[in-house]
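The values are calculated or read from the model by the stated rules, or taken from the named source; none is laboratory data. Bear in mind that the values here come from a model prediction, so they are computed numbers and not experimental data. Neighbour counts are summed over all protein chains in view; Cβ atoms, including those assigned to glycine, are modelled from backbone coordinates with ideal geometry. Areas reflect the complete protein model, heavy atoms only, side chains present, ligands, DNA and RNA absent. Shrake-Rupley method; radii C 1.70, N 1.55, O 1.52, S 1.80 Å.
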Amino acid sequence: MERYGDNVGVSGYVIPELREPGRVKSLGADLPPRCVVFAPFSSDAKREWSHHHWRTLVGLLHAAGYSTACLTPPKRPWKFGGTLDLHDVSAERMAGVLLNAACYVGGDSGPAHLAGALGVPAVVLGGVTRVAKIFDCYPSVTCLQSRRSTA
């Protein structure tokens with residue numbers, strides 16, 4: 001938590017307003033309607049779900065009438081049928097995508113912080129680190145924690 005203390009999670013922290021929201025949102029205007037954006041990878045492998053779990057989630061979302069978009073790094077592309085692939089996008093493009101998304105799901109803290117700061121509904125997957133300590137400052141973020149979590 002200490003490493004985030006200077007920017008998020010501290011008492012009285014206020015999320016700044018987005019400059020040029022219309023321009024930034026236009027950078028994700030190609031997202032399909034009712035789109036759930038997900039990031040299956042994380043810099044911390046302990047927060048990653050298996051490919052099988054992601055395929056199951058994508059199938060459930062499609063069955064419920066949602067479209068999906070997958071944020072992946074260029075060296076680890078995963079293919080999901082009927083899913084928009086977003087490889088190695090810039091931070092500004094990611095902000096535009098998230099502003100057009102119905103929700104973000106993932107364990108990677110970068111997109112999760114961005115979704116929280118933008119007020120986008122997000123589900124953050126926690127591994128052994130208690131992610132609620134980091135993401136509770138964002139009203140739009142829900143944390144799913146592993147049963148094997150530590151303080």
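Among the residues of segment 1-40, those identified as modelled with pLDDT under 90, part of a helix (DSSP H, G or I) and open to solvent by 60 Å² or more (accessible area, probe 1.4 Å) are Glu2, Arg3, Pro21.
Looking at this structure, is Leu98 surrounded by fewer than 20 Cβ atoms within 10 Å (Cβ to Cβ) and among the aliphatic types (A, V, I, L, M)? Against the criterion (surrounded by fewer than 20 Cβ atoms within 10 Å (Cβ to Cβ) and among the aliphatic types (A, V, I, L, M)), Leu98 does not qualify.
Residue-wise test of (1) modelled with pLDDT under 90; (2) crowded, with 23+ Cβ neighbours inside 10 Å; (3) over 23 Å from Val58 (Cβ atoms).
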| residue | (1), (2), (3) |
| --- | --- |
| Ala102 | no, no, no |
| Gly107 | yes, yes, no |
| Gly119 | no, no, yes |
| Val123 | no, no, no |
| Gly126 | yes, no, no |
| Ile134 | yes, no, yes |
| Thr142 | yes, no, no |
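Of all residues in segment 41-67, those that are in contact with a Gly (Cβ under 7 Å, 6 or more places away or on another chain) and open to solvent by less than 60 Å² (accessible area, probe 1.4 Å) total 4. Here Arg93 meets each of (1) open to solvent by less than 50 Å² (accessible area, probe 1.4 Å); (2) within 14 Å of Ala29 (Cα to Cα) with one exception, condition (1).
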